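The values are calculated or read from the model by the stated rules, or taken from the named source; none is laboratory data. Everything numeric in this text was worked out from a predicted model, so none of it was measured. Cβ atoms come from the backbone with ideal geometry, glycine included; neighbour counts cover every protein chain shown.
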Amino acid sequence: MMNRELREWLGLTLADLVGYIALAAAGAMFMVKDAMADVVLAVAGVVLSITSCPLGMKPDPEVSEFTNCVKLVSYPICVLLVVGAIVAHYIWFSG
């Protein structure tokens, strides 16, 4: 079995998977042309990215303090990336 810290750094945890799906939903907004699909993907991206925060930000005693600090910073950044992609899509790419 893989080391817990290595899985965290490789992004192979459940919280990372949820974050990847959220980023994929935000990215898919740039490829679809239907306004309703845009809204559904935007909501899904925000909900999934916010859901990944409590899953991934919990301190894990099996990993180092540095890794726990990185986890506290990286998941909110994922939320900001998703929201930023949605805002960019509606401001610059909708028309």
*Please state which one of 77, 86, 91 is under 20 Å from residue 11 (Cβ atoms) and either of a type in the set (A, V, I, L, M, F, W, C) or out of contact with any Pro (no Cβ under 7 Å at 6 or more places or on another chain) (or both).*
77
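Go through the range 1-46 residue by residue and tally those that are β-branched (Val, Ile, Thr), outside any loop (DSSP other than H, G, I, E, B) and either modelled with pLDDT under 95 or under 22 Å from residue 73 (Cα atoms) (or both).
Total meeting the criteria: 3.
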*Of all residues in the range 36-58, how many are more than 19 Å from residue 71 (Cα to Cα) and within 10 Å of the chain's Cα centre (by Cα)?*
1
*asked:* Among the residues in the range 52-63, are any in contact with a Cys (Cβ under 8 Å, 6 or more places away or on another chain), of a type in the set (S, T, N, Q) and assigned to a helix (DSSP H, G or I)?
replied: yes
*Selected residue (criterion: nearest to residue 67 (Cα to Cα)) from residues of the range 4-27 that are crowded, with 16+ Cβ neighbours inside 10 Å and over 8 Å from the mean Cα position of the chain (by Cα)*: 8
_Candidate set: the range 64-77, residues that are of a type in the set (S, T, N, Q) and part of a helix (DSSP H, G or I); chosen: the one surrounded by the most Cβ atoms within 10 Å (Cβ to Cβ)_ = 74
